[in-house]
Amino acid sequence: MKSARSQGTMDNYHNLINKMKEWKPTLIFNEITLEYVRRFHDYEIKTGNQLSTIYKKHANFKFLLGLAQNKEYIDKNPYDKFEIKKITKAQNSDILTEEELKILQTAYDSNKYTEGKKEVLRDFLFSCYTSLSYAEFYNATYDDLKPVTLKKDKSEATYYLLTNERQKTGVMYKIPIVSNIVEQLLERMITTKTKNGNQIK
């Protein structure tokens, strides 16, 4: 299965399993019934998750149970009788204003939060500035930065392009890093990953 699924999809499966363990630490196959699926759905709603997120988890769980059925661990897939709705309308149309983004950036620059919360805020800000998903900017490495030199009259300046492929579509993206703010966020991200022992290609 791993060879046929992207790393992001595999991570989603692992996150789903960990989430279910929080709700029900132990689970055997004959407990996975239609009633179990419905109770999990209610639990997700009570925890405040968006319906689009909940139904995505259902889709992942349905796929995993399909594998279990193929291996004859279960006789029937309870999702045969559970509708997984496709949420096409945005459930939260609120967007950050430029002023709100400046407030968050100021909070980051002033070290208002502890290291863990600060890293979350840093990642969020970087995502806002570049439009990259979490999986895409988390995998950013030095090799993804391509220097580009621009000349004007007698002066020249070197900037970087952050290049890689979109996780879901495989389409190449090229994001110019021309803002000092974004450059500092990116530098901090890569430095943190190096300190944590993550591989830098």
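The values are calculated or read from the model by the stated rules, or taken from the named source; none is laboratory data. Everything numeric in this text was worked out from a predicted model, so none of it was measured. We work out accessible area using only protein heavy atoms, side chains counted, and drop any ligands, DNA or RNA first. Shrake-Rupley method; radii C 1.70, N 1.55, O 1.52, S 1.80 Å.
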| query | Checking Phe63 against (1) modelled with pLDDT of 85 or more; (2) assigned to a loop (DSSP other than H, G, I, E, B), which test does it fail? | reply | (2)
| task | Just need a number here: residues in the stretch 103-141 that are open to solvent by 90 Å² or more (accessible area, probe 1.4 Å) and either polar (S, T, N, Q) or closer than 14 Å to Lys174 by Cα (or both). | result | 2
| field | Members of the stretch 32-60 found to be farther than 26 Å from Arg166 by Cα and either assigned to a loop (DSSP other than H, G, I, E, B) or open to solvent by 70 Å² or more (accessible area, probe 1.4 Å) (or both), listed by number | value | Ile32, Thr33, Glu35, Arg38, Arg39, Asp42, Ile45, Lys46, Thr47, Gly48
| remark: Looking across the stretch 162-177 at residues that are at pLDDT 80 or above and among the β-branched types (Val, Ile, Thr), the single one that is most open to solvent (accessible area, probe 1.4 Å) is Val171
